[in-house]
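Student: For reference, the structure I am asking about is given below.
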């Protein structure tokens, strides 16, 4: 089954690259709708990668995880997000703190950085999916960067969700997924965290009349 | 069975508060009494561990386990929770919340307490993580109980920074599991702490180093270690006093517990003092930032938050100094839990009296409310580390452990720490003087109105004093047990 | 000996095909837009016409203005001899590899920009500055995109890269490969002045980049520059085709193999031309300040392709 042996790592790396690319596409776009769309496609690619790893890695729990991931992050959360930004307004991320061209270059540098820091991980792992690990860590770093560099509260939420996707990808590539019970707990937490953030954005909109986090600067010494 | 007695009461309390409509004050009293059950169970666990008994386990796959370290933290969290519930709005504190707000408060704070207790009794590090994430969620919703621009801003920053931190901690957990899988293949109970510890010496040092960095940054965000502490002043300043008290004492302790659990695993895997050095560096950074921020403080609630950061720094220091340091750090944790919780309640009282959290406004405290002022002063002196309070003993033990180290640069670090503590000390005393003495503003009513609520706070202060004068034997045995678990 | 003859033959082939390629793309665009359009050999007629016309030079222009078209043309012709159009490896491979190719193309761009500035007209200066904005990000990306492949082949020699890909066909779906291809494609659109970066058919001040720099040229100078632009397009297409999908490139210098290679080349050029024409018809031109963003995306993709090839050897 030599062909199959070579196929699995390639497909896994391809899937992870797609997930990362959608994350980078996020940095390129301006409108909040595009952010949500990019996140949606990214989560779909992630779910497919999970299913792929489940198939080749003979771990059937991952199918369940893939389905839950798809339902949660491709359907439920993006629809909530869409409803949120339609109600709260502000369709464009007007001026992020870091402009788009620079953001893209920084993203490239972050991925290079993640390659450097994950060298011991790739060296240690014996799994065929190990080549995608730097991409997952790169996505994590890009998620943090999106949170720091965006101005609208909604963009920060999407950045957080991208960060979570990166960590899920890392779990899939590095360990073929964590035990199912824990995975369920994680999903629950992500959903609840997202709901709380949503509630807070509504509260921000109510009290501040805008979701520009630049306004959230009253608290000083 | 004992685990159920520990974990069920806050859950039942939250459920009850949710179901009883319309909200009645008795619900608050009932919940406060329920928390005594948890406290009792925690004390039983602690006694069992102090006697050197085998750690009890419970649940499928050994889900819950109570060794010495867990037991100590259970007691801390349960005690702080009991104090908080007795002094809650609607129970011990007069607040003008609406019925809905009271209910929301009771539900959320009990769920918050439940998740904290779950975090310290979980055997599985991933369940511990899930519980800590839950605490972020519940506390974030509570911060905005009284809707206002500053509280919404504080809650948003807290949720965002906290969630990112927790996510990074999860990445670290995954990396730890990854190393285990790379070594021994997948296993159902691989994420149980004793199993991790057992396999730790065989794990790859570079991977565990990377994992520990993620975990320290992640859980350190929850604990408020600099430079991830920026949410602390905002959140503690804007939260209702009860929540601030619980967050600064119990939640902080739980986050440090998580760091300590992983540190033990990392130390067993990485044979040099990598984790120790990281903790020492971050501890010094926290101390430095806290000391100078206190000097610049203009708001006494934020000042208390910076004091939290200072103590975070000290505890990190202790954890990085070997066995004696861990002993001192854990003792410091216990003392800090006692001191901080009552300080935030007092600060809440003062704010209610003066109508503003600014230090400039809160003058003449001793004239306006002598008992409150006196307790506040005593508590602040305790926090600063003056004898006869417990903090003095633990800080002394910490510095003794530090100076006993062989490396000269550790001694240099300790000297720098002492200097920073001095800076903080001077700033605190200055602020305190400004608050206690002087002429109170005209519109503030004079006369003590706190009533019976002062009794638990006085009790807490006396406990602190007792801890300072003697170290009770059970506590000492328990701490030594823990040190034995933690430093192999 | 045969090899050197082949090199010259390759350059002649490129010179022959280039105007045809430009004409082909124009015709496909016209058909897609519902027009009949000029036949694909219209550019040949245009070149013949231009060579016969008198070259009018502005009084403000210096020697640079007259010198640049020759330099640009020469540089591009040299590049055609270094790029594996029909066969790999070639004798001139020792003289030129990836970096040489990139530098030669940059030389052409640089002198074109200077020539745009030289007569002192407003349009020329504007075109030159816009071109430099694009080139600043596009040029490193070309190098990086092909460098990703070079790392896999262990050498920046283009012929060697082609040989490496021919012997490891499974590497085509490598993420590094695909990323490099996408990056190079975007850069091709930028460097050859195609939509969405630059409109090759416009002379509006708002939208022109390449056209602005060549506005002052006429007669044989213009002919040389237009031909060089066509050659550049051909070179980029061949790089895209032969580096990433090298089947058809002759590895032995037999007449049969060469014939197949020529046919394969024409087929790939036609395919890429079709793709570009489709894209040009569908996409609107990007506003100028958004072009660096697009090029930033391609830069990041190229960087990713290099890092993934480099660290996953």
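Student: Can you figure out the FRET efficiency of residue C:44 with residue C:204, using R₀ = 30 Å and their beta-carbon distance, to the nearest 0.05?
Tutor: Step by step, r from the Cβ atoms, then E = 0.65.
Student: What Rg and what Dmax come out for segment C:2-311 when only alpha-carbon atoms are used, in angstroms?
Tutor: 18.8, 59
Student: Okay, next question. Measure nothing but the geometry: give the 0 to 90° angle between the long axis through the Cα atoms of B:322-354 and the longest principal axis through the Cα atoms of chain B, rounded to 10°.
Tutor: The helix B:322-354 is inclined about 20 degrees to chain B.
Student: Quick one: order C:57, C:197 by neighbouring beta-carbon count within 10 Å, fewest to most.
Tutor: With the fewest neighbours first, C:57, C:197 line up as C:57, C:197.
Student: Can you give the mean number of other chain Cβ atoms that lie within 10 Å of the Cβ atoms in peptide B:149-161?
Tutor: Values: counts 8, 4, 3, 11, 11, 3, 5, 11, 3, 1, 8, 9, 1.
Taking the mean over all residues of the peptide, I get 6.
Student: So what are the three principal axis dimensions of segment B:178-250 from its Cα atoms, in whole Å, longest to shortest?
Tutor: Sorted largest first, the three principal extents are 48, 23, 16 Å.
Student: Also, quick follow-up: Cα gyration tensor of segment B:287-404, axes a ≥ b ≥ c as square roots of the eigenvalues: rounded (a/c below 1.5), prolate (a/b > b/c) or oblate?
Tutor: Since a/c reaches 1.5 and a/b is larger than b/c, the shape of segment B:287-404 is classed as prolate.
Student: Using mean Cβ contacts within 10 Å as the protection proxy, how do A:48-58, C:184-194, C:6-16, B:337-347 order, highest first?
Tutor: B:337-347, C:184-194, A:48-58, C:6-16
Student: Using square roots of five times the C-alpha gyration tensor eigenvalues, list the equivalent-ellipsoid semi-axes of segment C:159-313 in whole Å, biggest first.
Tutor: Details: eigenvalues 182, 100, 30 Å².
Calculated on Cα positions only, the semi-axes equal 30, 22, 12 Å.
Student: Can you give the three extents of the C-alpha atoms in segment C:2-85 along their principal axes, from longest to shortest, in whole Å?
Tutor: Cα extents, longest axis first: 46, 44, 19 Å.
Student: Shifting gears a bit: What's the long-distance tail for segment C:1-50, i.e. % of Cα pairs beyond 19 Å? It would help to have the intermediate numbers written out before the result.
Tutor: Details: 509 of 1225 pairs.
The share of Cα pairs beyond 19 Å in segment C:1-50 comes to 42 percent.
Student: While we're here: Based on the alpha carbons, how large is the Rg to Rh ratio for the protein assembly as shown when Rh follows Kirkwood?
Tutor: Ratio of gyration radius to Kirkwood radius: 1.08.
Student: Jot down the per residue volume, in cubic angstrom and as a whole number, of the convex hull over the alpha-carbon atoms of segment B:1-123.
Tutor: 84
Student: Neighbour counts of other C-beta atoms within 10 Å: give me C:252, B:173 arranged from fewest to most.
Tutor: C:252, B:173
Student: Kirkwood Rh over Cα pairs of chain B into Stokes-Einstein at 4 °C, 1.567 mPa s: D in µm²/s? Each step should come with its number before you reach the end.
Tutor: Working: Rh = 22.4 Å.
Roughly 58 µm²/s, to the nearest whole number.
Student: If you don't mind, there's one more thing I want to ask. How far apart, in nm, are two points set 7 Å out from the Cα along the Cα-to-Cβ line at residue A:86 and at residue A:30?
Tutor: Reported label-point gap for residue A:86 and residue A:30 is 2.3 nm.
Student: When a/c is below 1.5 the answer is rounded, else prolate if a/b is larger than b/c, else oblate, so apply that to segment A:96-221 with a ≥ b ≥ c taken from the square roots of the Cα gyration tensor eigenvalues.
Tutor: On the way: a/c = 3.40, a/b = 1.53, b/c = 2.22.
Since a/c reaches 1.5 but b/c is at least a/b, the shape of segment A:96-221 is classed as oblate.
Student: Continuing with this model, one more query. So what's the angle, to the nearest 10 degrees on a 0 to 90 scale, between helix B:300-319 and the longest Cα principal axis of chain B?
Tutor: Helix B:300-319 and the main axis of chain B meet at about 20 degrees.
Student: Next question, about the same structure. Ignore the peptide's own chain and count Cβ atoms of other chains within 10 Å of each Cβ in A:107-120; give me the average, rounded. Please list the in-between numbers first.
Tutor: Working: counts 5, 11, 2, 1, 5, 6, 1, 1, 6, 2, 3, 4, 3, 8.
For this peptide, the per-residue mean of nearby foreign Cβ atoms is 4.
Student: Quick check: the distance between the Cα centres of segment C:127-163 and segment C:40-106, to the nearest angstrom?
Tutor: What the calculation gives is 19 Å, centre to centre.
Student: Report the gain in length on full extension from residue B:149 to residue B:419: 0.36 nm times residue separation, minus Cα-Cα distance, nm rounded to one decimal. All intermediate terms of the calculation are to be shown ahead of the outcome.
Tutor: On the way: separation 270, 0.36 × 270 = 97.20 nm, distance 3.76 nm.
Contour length minus the Cα-Cα distance gives 93.4 nm.
Student: Any idea what the relative contact order of chain B is, in percent, if you count C-alpha pairs under 8 Å spaced at least 6 apart?
Tutor: 15
Student: Rank these for me by crowding, A:164, B:94, going from fewest to most other beta carbons within 10 Å.
Tutor: So the residues, fewest neighbours to most, are B:94, A:164.
Student: Work out, in µm²/s and without decimals, the Stokes-Einstein translational diffusion coefficient of segment B:136-290 at 20 °C, 1.002 mPa s, Rh from Kirkwood over C-alpha pairs.
Tutor: 131
Student: Find how much the distance from residue B:4 to residue B:43 grows on full extension, using 0.36 nm per residue of separation minus their present alpha carbon separation; answer in nm with one decimal.
Tutor: 12.6 nm
Student: With the Cα gyration tensor of segment A:4-217 in hand, convert its eigenvalues to equivalent ellipsoid semi-axes via √(5λ) and list them largest first in whole Å.
Tutor: The equivalent ellipsoid of segment A:4-217 has semi-axes of 31, 20, 13 Å.
Student: Label 7 Å along Cα→Cβ of residue B:295; segment B:337-364 residues with amide nitrogen under 20 Å?
Tutor: B:359-360
Student: Just to confirm the number: angle between the C-alpha axis of helix C:63-82 and the first principal axis of chain C, 0 to 90 degrees, nearest 10?
Tutor: Computed tilt is about 20 degrees.
Student: Another question, if that's okay. Rounded, prolate or oblate: which one fits segment B:412-477, using the alpha carbon gyration tensor with axes a ≥ b ≥ c (rounded when a/c is under 1.5, else prolate when a/b beats b/c, else oblate)?
Tutor: oblate
Student: Evaluate E = 1/(1 + (r/R0)^6) for residue A:117 and residue A:6, where r is the Cβ-Cβ distance and R0 equals 25 Å; express this FRET efficiency to the nearest 0.05. Spell out each step's value before the answer.
Tutor: Numbers: r = 27 Å, r/R0 = 1.09.
Computed FRET efficiency for residue A:117 and residue A:6 comes out at 0.40.
Student: Given a 10 angstrom Cα cut-off, can you work out which residue in C:220, C:130, C:36 is the most mobile in a GNM of chain C?
Tutor: C:36
Student: Please give the residues of segment C:109-149, grouped as numeric ranges, whose backbone N is less than 20 Å from a label point set 7 Å along the Cα-to-Cβ vector of residue C:287.
Tutor: Under cut-off, by backbone N: C:127, C:130-131, C:133-134.
Student: Output the relative contact order of chain A, whole-number percent, from Cα pairs under 8 angstrom with separation of 6+ residues.
Tutor: 23 percent.
Student: If I take R0 = 35 Å and measure r between the Cβ atoms of residue A:195 and residue B:24 in this structure, what FRET efficiency does the formula 1/(1 + (r/R0)^6) give, to the nearest 0.05?
Tutor: E(calc), rounded to 0.05, equals 0.80.
Student: With labels modelled as points extended 7 Å from the Cα through the Cβ direction, what inter-label distance (nm, one decimal) is found for residue B:57 paired with residue B:403?
Tutor: It is 4.5 nm.
Student: Further, regarding this structure: Taking Cα pairs under 8 Å and at least six residues apart, what relative contact order does chain C come out at, in percent?
Tutor: 29
Student: Another question, if that's okay. For the ranges B:387-396, B:117-126, what's the packing order if you count other beta-carbon atoms within 10 Å of each residue, average per peptide, and put the highest first?
Tutor: Top of the packing list down: B:117-126, B:387-396.
Student: Please give the average number of partner chain Cβ atoms lying within 10 Å of the Cβ of each residue in C:34-40, rounded to a whole number. Walk me through the intermediate numbers first.
Tutor: Details: counts 0, 0, 0, 0, 0, 0, 0.
For this peptide, the per-residue mean of nearby foreign Cβ atoms is 0.
No value in this document is a laboratory result; all are computed from the given coordinates. As the structure is a prediction and not an experimental result, all values here were calculated from the model. Here Cβ is always computed from backbone atoms with ideal geometry, including for glycine, and neighbour counts include all displayed protein chains.
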